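The values are calculated or read from the model by the stated rules, or taken from the named source; none is laboratory data. Fair warning: this is a prediction, and the values are worked out from it, not measured in the lab. Virtual Cβ from ideal backbone geometry, glycine too; neighbours counted across all protein chains shown. The accessibility values were calculated without ligands, DNA or RNA, using every heavy atom of the protein model including side chains. Shrake-Rupley method; radii C 1.70, N 1.55, O 1.52, S 1.80 Å.
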Amino acid sequence: MAKDVIVALDFPGEKEVFDFLDLFREEKPYVKIGMELFYALGPNVVREIKARGHKIFLDLKLHDIPNTVRSAMASLSRLDVDMTNLHAAGGSRMMAEALTGLTRPDGTRPLLIAVTQLTSTSQETLEKDLLIEKPMEDVVAHYAAVARESGLDGIVCSPLEVPGVKARLGKEFLTVTPGVRFADGDAGDQVRVTTPAKARELGSDYIVMGRPITRAADPVAAYRRAMAEFVG
């Protein structure tokens, strides 16, 4: 399975997004459209970026009752994105209904992955705020197992949890991993972080990087550095 770097387009508006994408003359980076951008500009920004030839991970993290999530996924399936997601905490029925909604009449669909625990969540937060006393690695692996049993293609987790997930569920189960920073970079609000090279060593299939690339003095050079360190 080919590895790739997904660039998080965490920008407030259209001008910033397309000014950034216009910097790339030779590459067409795989990009992530999250809540900030989607809520600001709506589905048209997805269509415009797709028309430029980029693969898109639509990162909206759906989490609601099963019927609502199924209907929402049916709407998202018409945007021709390559990957989308939901929260595994919604449970197996919600995930199964999401898969049903996302599948088009011809049987095709984007990849569907489940968020296990946000990379901003520490073990202390897990126990104190969420009342989950199991170790983070066990919680992520369990959520991943439920996601696979529900028919999903993979999960979102920290690179640190990838070895345990792969050992339990196999190499083909996708791991999409945010919480990746360059060795000389700032961790920001992430808690469970690694470098691109370490994420590769741990077995991540995709890494997601935002500010280390989008706010770099030379974003194209930063993207190429991430690709070189992660993909080789």
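Sorting 197-206, 58-67 by their mean Cβ neighbour count within 10 Å, with the most densely packed peptide first, gives 197-206, 58-67.
Reported to the nearest whole Å, the Cα centre-to-centre distance from segment 22-84 to segment 136-186 is 21.
Considering only Gly210, Val31, Pro12, the residue lying farthest towards the positive end of the dipole of the chain is Val31, judged by Cα position with unit charges set on Cβ. Here the accessible area is traced with a 1.4 Å probe on the protein chains. For the chain, carbon and sulfur cover 50 percent of it.
Taking every protein chain into account, the accessible area of segment 38-88 amounts to 45 square angstrom per residue (probe 1.4 Å). Each Lys and Arg contributes +1 and each Asp and Glu -1, all at the Cβ; summed about the Cα centre of the chain, the dipole is approximately 520 debye. Charges were assigned to the Cβ only: +1 to each Lys and Arg, -1 to each Asp and Glu. The resulting dipole of segment 45-181 about its Cα centre is roughly 500 debye.
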